[in-house]
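**Student:** Here it is, the structure, as structure tokens.
The values are calculated or read from the model by the stated rules, or taken from the named source; none is laboratory data. All of these numbers come straight from a predicted model, not from anything done at the bench. When we count neighbours, we look across all protein chains shown, and the Cβ atoms used for this are built from the backbone with ideal geometry, even at glycine. The protein model used for the area step is the full one, side chains on, heavy atoms only, and it has no ligands, DNA or RNA in it. Shrake-Rupley method; radii C 1.70, N 1.55, O 1.52, S 1.80 Å.
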Amino acid sequence: AATSDDRSSSPSDDLRHAQVIILGGGIAGISAARALAAQNITDILLIEARPELGGRAYTETLRSPAGDVVIEKGCNWIQGPGKEPIQALAAKWGLKTTPTNYSDSVWFEGLGIEADGQRGRFLNDQETEEFMAGYNTFLEGAPGYSDWRTNNSLVDISVRVATSIMDWIPVNALQWAYEYWNIDYTFAQTPEESSFANAFSQEAGIENELDEFVIDPRGYKYIFVQEAREIFGHGLDDDRLRLGTTVRTIDYSAIVDPKRTRKGAPEIVVHTDKGSFAAPHVVTTFSVGVLQHQDVVWEPRLPDWKKEAIFTFAMATYQKIFILFDKQFWGDSEFIMYADPDKRGRYTVWQNMNAPGYLPQGTEQNVIMVTTTGDFARRNEHLSDAEITDEVVAVLREMYDDVPDPIDIVVPRWSIDPLYRGTYSNWPLGAFDQHHGNLGQSIGGGQSWLHFSGEATSVEAFGYVQGAWEQGVLAADAVAACLGGNCPNATVYEAVRTCEQQETTVMRRGLGNKRPTRGGSPRRHAVLPHTRP
Ligand SMILES: Cc1cc2nc3c(=O)[nH]c(=O)nc-3n(C[C@H](O)[C@H](O)[C@H](O)COP(=O)(O)OP(=O)(O)OC[C@H]3O[C@@H](n4cnc5c(N)ncnc54)[C@H](O)[C@@H]3O)c2cc1C
């Protein structure tokens, strides 16, 4: 069997060599390839497990006798802070979008799983305003309160703690539903899990201008695939693009232990199901979920500071279930909200894909989408399409008369997919800025580096399309700087320090005199993790 030593850069080895290997053909990987090409770095390889590019920009098709309908299983909106580069790409490639009007909603107070043939009811405008009032007051004050806490060095708290301090404590189904729409529907995690500082800081730009919903039959991915074609050719048949190739092991031992490199710059070796590849620079764009699940093996194991960062950050799950009917029985409002009294977040947010500006009305292609998140979404992934169909149709039959059986359904299963393990990152309570910095921090030294990219590593726009695009560009810039002999300094936070309050907890548990002295850390790791105590 080949040893690491045999895998050095001799011309006769069975490795395919390049200057840079990009892992993942999603938005970040494509953007990195483009930005490298723009700097005349063309000796690259892009490795992607799926047979197509786009990653979480992922289209699916609903089948109907009247004609298929393309839907977005993954990202759907152009939205959030710093979305300008995506708007520019959308304009460049003529991507079809329609603005979303969140206030065009109707609210239904449901009877839940006990409905048993009985029906809840739609509320009038005045009733709607009444149950929304409390949360709206919280929403107005939240950014100011969050910034005040940050400016006064107060610890981060969960969104739930903040709502409670600010006297919003939801107690009924309608209040749950409204809060769910505002929190979980954005972050795909609960108020208990999400960080208040990150969800509600003024800069978080929660109040954005209009979100644009992509309704292009070529898919959201089209604009990114077109960009990739400019590098890999129209047929995407360039030898530097390796689709359908799954990474199994990333061996970066040469950069942590230069003795294992026989000649030239130390190379990182990427083992896949279709052969092995080597380069002094490797950019990984795999999701935090993939990194957390250890679907890819690291040789040697990742350093403690990197693992702490990866496992501190959260990979949330946001499930968009699309259902196709031969008629539209649900009215023209853009959103239909179902308040379930048994379970917060059970099939709450329904979006009308035939609202004006979306799919054509008056045809046989009538699509409604219901979104689930978090635990409930993950539970759904383990049910069959038929079981999900029964549940969603029961909710629709509580709200509407004459609901026919659906013609087709798409039930995404992101969190059990080993290529994603969830949908997008979220900043959980307990993650510090240093953790986030470490998440995107490169590992290496001298002429060889392992770079970490992808949506989660964006400071401003983690979780968004533009976060992925921007991080691809930044990774390419870092590679270019290194190749030019100007590698950016690695700022690794080897130990993320406790704050005073946490130290009090340590004291209370009687660990006071056992903990390490202030200046020292029990385990010190350099950027190069070649020693483990
Ligand atoms: C359901 C859903 C809804 C979303 N909604 C929005 C939205 O409306 N607006 C918005 O701005 N953002 C949204 N997002 C987030 C946005 O889609 C992501 O931030 C972005 O697409 C991430 O791109 P990426 O390149 O960082 O990661 P990815 O797209 O995950 O790219 C990584 C690539 O690596 C590949 N890969 C993984 N493991 C391996 C392996 N072992 N070997 C080889 N290849 C591998 C994957 O197949 C993937 O193509 C949504 C995401 C989802 C899933």
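**Student:** Less than 12 Å Cβ to Cβ from LEU324, Lys/Arg counted +1 and Asp/Glu -1: what total charge do the surrounding residues give?
**Tutor:** Values: positive: ARG63, LYS327; negative: GLU60, ASP68, ASP326, GLU364, ASP405, ASP408.
For residues surrounding LEU324, the net value is -4.
**Student:** About its Cα centre, what dipole magnitude does the chain give when the only charges are +1 on Lys and Arg Cβ and -1 on Asp and Glu Cβ, stated in debye to the nearest 20?
**Tutor:** Around 2780 debye, computed over the chain.
**Student:** Contour minus end-to-end for ALA37 and ASP375, with contour as 0.36 nm per residue of separation and end-to-end as the Cα-Cα distance?
**Tutor:** Contour length minus Cα-Cα distance gives 117.5 nm.
**Student:** Moving on. Could you tell me which of rounded, prolate or oblate describes the chain, using a ≥ b ≥ c as the square roots of the eigenvalues of the alpha-carbon gyration tensor, with rounded for a/c under 1.5 and, failing that, prolate when a/b is larger than b/c and oblate otherwise?
**Tutor:** Because a/c hits 1.5 or more and a/b fails to exceed b/c, the chain counts as oblate.
**Student:** In addition: Can you give the charge dipole size of region 126-178 about its Cα centre, rounded to the nearest 20 debye, using +1 on the beta carbon of Lys and Arg and -1 on the beta carbon of Asp and Glu?
**Tutor:** The calculation lands at about 260 debye.
**Student:** Can you compute 3J(HN,Hα) from phi for each residue in region 328-341, using the Karplus curve 6.51 cos²θ - 1.76 cosθ + 1.60 with θ = phi - 60°, rounded to whole Hz and x for Gly and Pro?
**Tutor:** After applying 6.51 cos²θ - 1.76 cosθ + 1.60, I find 9, 10, 10, x, 9, 4, 6, 10, 10, 10, 10, 8, 9, x Hz.
**Student:** Quick check on the chain: of the DSSP beta bridges with both residues there, what percent are antiparallel, nearest 5%?
**Tutor:** Working: 46 of 72 bridges.
Roughly 65 percent of the beta bridges in the chain run antiparallel, per DSSP.
**Student:** Run the count for the chain, please: Lys pairs, Cα-Cα under 23 angstrom, 8 or more apart or on different chains.
**Tutor:** 14
**Student:** Picking from PHE213, ALA162, GLN118, whose Cα lies most toward the positive end of the charge dipole for region 86-217 (charges on Cβ: Lys, Arg +1; Asp, Glu -1)?
**Tutor:** The one lying farthest along the dipole's positive direction is PHE213.
**Student:** Which order do the peptides 482-492, 78-88, 53-63 take when ranked by the mean count of other beta-carbon atoms within 10 Å per residue, highest first?
**Tutor:** Result, highest mean first: 53-63, 78-88, 482-492.
**Student:** A further question follows. Given TYR102, ALA133, GLY235, which one lies farthest toward the positive end of the charge dipole of the chain, if we put +1 on the Cβ of every Lys and Arg and -1 on the Cβ of every Asp and Glu?
**Tutor:** Final value for the positive-end residue is GLY235.
**Student:** Testing the spin-label approximation: label points 7 Å from Cα along Cα→Cβ at TYR145 and LEU210. State their distance in nm.
**Tutor:** With each label placed 7 Å out from Cα toward Cβ, I get 3.2 nm.
**Student:** As I understand it, the value is the acute angle between the Cα axis of helix 465-483 and the longest principal axis of the Cα atoms of the chain; what does it come to in degrees, rounded to 10?
**Tutor:** With both axes taken from Cα atoms, the answer is about 10 degrees.
**Student:** Please report, as a whole percent, how much of the solvent-accessible surface of the chain comes from carbon and sulfur atoms (probe radius 1.4 Å).
**Tutor:** About 49 percent, which is the carbon plus sulfur part of the accessible surface.
**Student:** Using a Förster radius of 45 Å, what is the FRET efficiency between ARG229 and GLU192 based on their Cβ-Cβ separation? Nearest 0.05, please. Can you show the working numbers first?
**Tutor:** Details: r = 44 Å, r/R0 = 0.98.
Once rounded, the FRET efficiency stands at 0.50.
**Student:** I've got another one for you. For the chain, what is the mean residue ellipticity at 222 nm derived from helices alone (per DSSP H run of n ≥ 4: -39500 (n - 2.57); sum divided by total residues; nearest 500 deg cm²/dmol)?
**Tutor:** My calculation for the chain gives -9000 deg cm²/dmol from helical runs alone.
**Student:** Continuing with this model, one more query. Charges at C-beta only: +1 for Lys and Arg, -1 for Asp and Glu. How large is the resulting dipole of region 214-327 about its Cα centre, in Debye rounded to 20?
**Tutor:** The dipole magnitude comes to about 160 debye.
**Student:** Relative to the longest principal axis of the chain, what angle (0 to 90°, nearest 10) does the C-alpha long axis of helix 27-38 take?
**Tutor:** 50
**Student:** Roughly what angle does helix 173-182 make with the longest principal axis of the chain, taking Cα atoms, 0 to 90 degrees, to the nearest 10?
**Tutor:** Around 40 degrees separate the two axes.
**Student:** Compute the signed sum of charges (Lys and Arg +1, Asp and Glu -1) over the other residues within less than 9 Å, Cβ to Cβ, of PHE277. Let's see the in-between values first.
**Tutor:** Numbers: positive: ARG16, ARG242; negative: none.
Overall, the nearby charge balance is +2.
**Student:** Something else about it: Suppose each label sits 7 Å from its Cα in the direction of the beta carbon; what would the ASP238-SER103 distance come out to in nanometres?
**Tutor:** Result for the modelled spin labels: 4.7 nm.
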